[in-house]
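Have a look at the structure below, then the notes.
The values are calculated or read from the model by the stated rules, or taken from the named source; none is laboratory data. Given the structure is predicted, the values throughout are model-derived calculations rather than measurements. Ideal geometry is used to build each Cβ from the backbone, glycine not excepted, and the neighbour counts take in all protein chains shown. Just so you know, the surface numbers come from the protein's heavy atoms only, side chains and all, with ligands and any DNA or RNA stripped out. Shrake-Rupley method; radii C 1.70, N 1.55, O 1.52, S 1.80 Å.
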Amino acid sequence: MTLPSAARTVVIGGGVIGCSIAYHLAREGRKDIVVLERSKLTSGTTWHAAGLVRRLRPSATLTKLINYSIDLYGALETETGQATGWTQTGSLTLATNPDRLTNIKRQVSLGRAFGLEAEVVDAARAKQLWPLIETDDVIGAVWSPADGRVNPSDVALALSKGARARGVQIFEDTAVTGLQKKGGRISGVEVGDHVIEADEVVIACGLWSREVAAMAGAHMPLYACEHFYILTKPLAEVQALGKGAHLPTLNDQDAFLYARDDVEGLLVGCFEPHAKGISTRDLPADFSFDLLDEDWDHFMPMMENALRRIPALERAEVRMLLNGPESFTLDSQFMLGESPEVPGLFLMGGMNSTGIALAGGAGKAMAEWIIAGEPTMELNEADIRRFSPEMNVLDALEARIPEVLGRHYDNPYPGRAMETARGQRRSPIHAGLVAAGAQFESRGGWERAVHFGGEAAHFPLSFGVPAWRAQVGIEVEACRNGAAILDLSAFGKIMVQGPDACSFLNHLCAAQMDIPEGRIAYTQILNARGGVESDLTVQRHGSETYLLIVGAGEVVRDLKRIRETRGDFRVEFTDVTSGYAILGLAGAKARAVLRATSNTPVPDLKSFHFAPVEIGLARGWAGRLSFTGEEGFELYIPTDMAMTAYEALLDAGASHAGLYASGSLRIESGFRAFGHELTPGTTPHEAGLGAFCAMGTGFVGEETLRDHTPARRIVSLLFDDPDAIPIHDEPVYFGGAVVGQITSAAWSYRFGRSVALAMINAPLDQLAANRVVAGFEVEIACTRYSARAALKPAKEAF
Ligand SMILES: Cc1cc2nc3c(=O)[nH]c(=O)nc-3n(C[C@H](O)[C@H](O)[C@H](O)COP(=O)(O)OP(=O)(O)OC[C@H]3O[C@@H](n4cnc5c(N)ncnc54)[C@H](O)[C@@H]3O)c2cc1C
C-alpha cells in the first residue's frame, strides 16, 4: 500500500481511540479514510491498560457512552472474527468510612436515574463476592453486577479489523511530522516530505496529542502521568476459584487501589495520592510497546495498602510492577470535538484512564460529530470548547495534572478545590478579595471567590451540612437587604461591531437584538437543533456596536460559533474579557451605596437598561440587572480602574458575597445556568425560556423550535425535610418512577430547606395546571426525600 496524496479524513494515531473513530466513521458510511500510526497499532498506551470497564459513572452521558461500548465489544467478535475479551465479572466497591459509603450510595442512586441497578451490601456479602479480602474495616460496599473487563489490544484490533473491512486504509510505521492549513482551515498532514491533503484531520495520539495539535496551532490541554499496577504469578487462592471463574473488579478507593484476577494471579493497580507527571520530552522518540521504569519506592505505600486488604498477596510472587504513561486533563474528564482554533481539525484524548471503557461510545460520538458538523448527543461535559488556550499553558498542566490523578479516588465533596496551578487568572480586584477573607475555587483557570469566611468556614468538607452555611447566610442577607459586591469579572466579554452587527446578532441569538442603544437583552445562542449553546446578555452600545456578556466557561464556544456563523455579515468581533471588571452590586441598599461613591448622580435606570456611571475616581457603566434575582446593578469598569471603584464601594458601605450566596439566590429566583439547566441538548422551551425567542428573526435553530412542544421541563423543587442535602444530578421520582434529575441545588435561607432546579418529564400537565404539585421524591445516597415542584421560581411559587 502506498500513502495516498489525498483523503477525505485522516485519523492520526492507531490506539483504541483512533481505531474506534475510524471504525465508526466507516460504519456511518464515510469513505476515503486513512489512519496513520507512527509505530504499530496499540503500541502507545492501549496495549498495557488493565481493561476495566465500569458502567456506574457520575453522569448520564458517560454511562450512555460506556453502555454502548459494552454492547459493541460484545458484538465485535461476530462482526470481525476478533474477540475483545469482554467478560461480565461485576465490580465491588468498598467503603471504610461513612463519607465513602455516602458517596458510593450517591452513585447507586445516580445509576438508577440511568436505569443501572447496583446493590448496597454489607461486609459479609462483600467477602463472599471477593473471598480474598480482609473486611474488618469495611462498613459497606456496592455490588455492580453489570461491570466487566476486556482485553484492550484486542478491542483496538477488532475495531481496526472492522474498519479495514469497510475500506479504511491503515498505515503503520507512518509518523505525522506536520499539519497544513489553508485560510486557517486544516488542509493536510505531512509525513516527512509526503503530504496527504485532507478535508478533516483527527488527532487521536494519546499523550502525544498536545504536541501534534500544536503543529496546527491548536490547543489540547492534556498531560501524562506515570500509572502503576502489579501483576503476580499464579496464586493458589485465585486458582481455587476454578477454571474460567473470575473475581469481580475490586475498588478500594480509601486505599487508592483497584484489583482483579489476571491469569490465575492478581493485578493490583492504584491511583496514588501523590502521582508522578511525565513529559513527552522525557520519553524516547521511538517509544513503542514500551514501559516506564519500575519505581518500588513510589509504589510501596500502595503495596502496603494492598497487602492489608488482600493478605494472600503476602504469598504472591510479583511478576512485574508495570508503569505506563496515560494522559489526564485539568478536570479529569476526557475531551473531544472540533478545535476551536482550527476548523476541520478534530481532537479526542485525555482519557483519564478510562479510554478503553469509553472508546466505543466516545469514538462513535466523535465520528457522528465529524459527519454532522455538530454533536449528535449531549456531550457538553466532554466538549473541548470548555478549555481556553490559557488552560493549555504547560506550567499549569505540569503542576495540576499529577494532582488530578492523585485525586481520582477522592470523595467529590462540594467545595473541593484543586490546590495546584492556582492564581493563573485573577480578577483585577483579587487583592481586595483576599484581604476581605475570600475563600477561592479555581474554575477554568480563574480564582473565583465562593464565600468570605476563609478556610475556617470552609473545612472540613462534607456531603452533609457544609461548614460555610452560616457565613453564606450572612452574604445572602447582604445581597437582599444590604449592598454586596459579587465579583463577576471572569465573565466573558465579546465586542461585536460592524454595519451588520444587528442583523448578524439577530441570526446568532434567539432574542430580538434590534434594541435601542442603552438597552440590554437576555438571550441564548442556539444550535441548529434548537439546543442552547450559550446563555448571555447583550448590551447595545451604538448602532453598530454590541457587547456580549457570557459565562466564564462559554467564551471559547461563543467565539467559535460567532466565527462559524458570521458568513457574509459585515461584522468584526473581539474578545475583551480582560479589559473590564464586572462587579455585581446586589441588595436593597445598592443604589444608596452607589450614590454615596460620587457627586455625579446615579442614572435612574429601568430594568435591563445601562448608562455611564462614576464610582469614586473610576468611570464605567452600570446595568440594572442582577445575577441573583435581587435588586441591584452590574457595574462594568475598565480593568485599570476596577480597584479604585471597588474601594469606593467599600468606603460607601458595601460588603462582599461569593458564588455560593449568588448560587442560592439564583436557584430561588429560578434563573437558569449554562452547563446545568441549559445545555446543547436542551431547548429554551424545555428550560421555560421560550418567551425569549423572537420567532421570525431568522435565528439559528428557529426552524426546529417552530411548533415545538417540550416533553420535559425545568421545574423548581422545594424539599420538605431540612436534612435533605442534594448536590447535583440526583434522580427525581414521581409516582414511584424516575421522571428526571436535579440540575442545580442549594440551601435556601429564605425557606430553611434545600431548593433545586430539575429537568423532569412528568407530570407536565399537572404542573401546567397547578401552582405547586406535591408528591415528588428525590433520592440522595439511597434515601428518598419528599419535595414539591412548580414551573415558577421557588421564591414566587412556594
Ligand atoms: C497502567 C494503565 C492502566 C489502565 N487501565 C485502564 C482500564 O482499566 N480501563 C480503561 O478504560 N482505561 C485504562 N487505561 C487507559 C487507557 O489505556 C487509555 O485511556 C487508552 O489506551 C488511550 O488510548 P489512545 O488511543 O488515546 O492512546 P494510545 O493508545 O497511546 O494511542 C495513541 C497512538 O498515537 C500514535 N501517535 C502519536 N504520535 C503520532 C504521530 N505523530 N503520528 C502518528 N501516530 C502517532 C502513538 O504511537 C499511539 O499508538 C489505563 C492506562 C494505563 C497506563
Residue hits (the stretch 72-95; open to solvent by less than 40 Å² (accessible area, probe 1.4 Å) and not aliphatic (A, V, I, L, M)) are Tyr73, Thr80, Thr84, Gly85, Thr89, Gly90, Ser91, Thr93
Selection from the stretch 195-226 of residues outside any strand (DSSP E or B), in contact (Cβ under 8 Å) with a residue 40 or more places away in the chain, open to solvent by 50 Å² or more (accessible area, probe 1.4 Å) and more than 10 Å from the ligand (Cβ to nearest atom) yields His219
Flagged in the stretch 227-273 as more than 21 Å from Arg315 (Cα to Cα), more than 12 Å from the ligand (Cβ to nearest atom), open to solvent by 20 Å² or more (accessible area, probe 1.4 Å) and modelled with pLDDT of 95 or more, in numbering order, are Asp254, Phe256, Pro273
- prompt: Hey, does the stretch 259-270 have a residue that's among the β-branched types (Val, Ile, Thr) and over 29 Å from Ala362 (Cα atoms)?
  reply: yes
Practice task
Looking only at the stretch 134-157, decide whether some residue is of a type in the set (A, V, I, L, M, F, W, C) and free of Cβ contacts under 8 Å to residues at least 24 places away in the same chain.
Solution key: no
By residue number, the members of the stretch 335-369 that are surrounded by fewer than 24 Cβ atoms within 10 Å (Cβ to Cβ) and near the ligand (Cβ under 10 Å from one of its atoms) are Asn352, Ser353, Thr354
Arg309 passes all but one of the listed conditions (1) within 14 Å of the ligand (Cβ to nearest atom); (2) touching a strand residue (DSSP E or B) at 6+ places or on another chain (Cβ under 8 Å); the exception is number (1)
In the stretch 285-304, anything farther than 17 Å from Leu257 by Cα, open to solvent by 80 Å² or more (accessible area, probe 1.4 Å) and in contact with a strand residue (DSSP E or B) (Cβ under 8 Å, 6 or more places away or on another chain) is listed as Asp293, Glu294
By residue number, the members of the stretch 8-22 that are away from the ligand (no atom under 12 Å from the Cβ) and buried (at least 24 other Cβ atoms within 10 Å of the Cβ) are Thr9
### Query
Just a yes or no: is a residue in the stretch 492-503 closer than 25 Å to Ala590 by Cβ, buried (at least 22 other Cβ atoms within 10 Å of the Cβ) and in contact (Cβ under 8 Å) with a residue 12 or more places away in the chain?
yes
Of the residues in the stretch 472-491 that are under 22 Å from Pro722 (Cβ atoms) and in contact with a Phe, Trp or Tyr (Cβ under 7 Å, 6 or more places away or on another chain), the one that is surrounded by the fewest Cβ atoms within 10 Å (Cβ to Cβ) is Gly473
Given (1) assigned to a loop (DSSP other than H, G, I, E, B); (2) among the small types (Gly, Ala, Ser); (3) open to solvent by less than 10 Å² (accessible area, probe 1.4 Å); (4) over 30 Å from Pro284 (Cβ atoms), Ser109 misses just (1)
Being within 30 Å of Thr80 (Cβ to Cβ), open to solvent by 10 Å² or more (accessible area, probe 1.4 Å) and assigned to a loop (DSSP other than H, G, I, E, B) is the requirement here; does Leu116 meet it?
yes
Counting only residues in the stretch 604-631 that are modelled with pLDDT under 95 and in contact with a Leu (Cβ under 7 Å, 6 or more places away or on another chain), the one nearest to Gly587 (Cα to Cα) is identified as Glu630
The residue that is surrounded by the fewest Cβ atoms within 10 Å (Cβ to Cβ), considering only those in the stretch 44-57 that are over 19 Å from Ala285 (Cα atoms) and near the ligand (Cβ under 6 Å from one of its atoms), is Ala50
In the stretch 306-334, residues that are more than 28 Å from Arg210 (Cα to Cα) and either open to solvent by 10 Å² or more (accessible area, probe 1.4 Å) or in contact with a helix residue (DSSP H, G or I) (Cβ under 8 Å, 6 or more places away or on another chain) (or both) total 14
Do we find a residue being within 23 Å of Phe289 (Cβ to Cβ) and part of a helix (DSSP H, G or I) anywhere in the stretch 164-177?
yes
Scanning the stretch 366-401 residue by residue, those touching a residue at least 40 places away in the same chain (Cβ under 8 Å), aliphatic (A, V, I, L, M) and over 18 Å from Ala213 (Cβ atoms) turn out to be Ala367, Ile371, Met377, Leu379
Scanning the stretch 648-678 for residues that are farther than 15 Å from Ile760 by Cβ and in a loop (DSSP other than H, G, I, E, B), the one nearest to the chain's Cα centre (by Cα) turns out to be Gly675
The condition from (1) among the hydrophobic types (A, V, I, L, M, F, W, C); (2) within 30 Å of Ala175 (Cβ to Cβ); (3) more than 8 Å from the ligand (Cβ to nearest atom); (4) not in a helix (DSSP H, G or I) that Leu41 misses is numbered (3)
If I filter the stretch 80-96 for residues that are touching a residue at least 60 places away in the same chain (Cβ under 8 Å) and assigned to a helix (DSSP H, G or I), do I get at least one hit?
yes
Filtering the stretch 560-585 for residues that are within 27 Å of His430 (Cβ to Cβ), open to solvent by 70 Å² or more (accessible area, probe 1.4 Å) and not in a strand (DSSP E or B) leaves a count of 1
Only one of Asp383, Asp395 is open to solvent by less than 10 Å² (accessible area, probe 1.4 Å), modelled with pLDDT of 95 or more and acidic (Asp, Glu), namely Asp383
Within the stretch 119-133, residues in contact (Cβ under 8 Å) with a residue 60 or more places away in the chain and either open to solvent by 50 Å² or more (accessible area, probe 1.4 Å) or touching a Lys or Arg at 6+ places or on another chain (Cβ under 6 Å) (or both) come out as Val120, Pro131, Ile133
Within the stretch 145-169, restricting to residues that are more than 11 Å from the ligand (Cβ to nearest atom) and hydrophobic (A, V, I, L, M, F, W, C), the one that is farthest from Thr2 (Cα to Cα) is Ala146
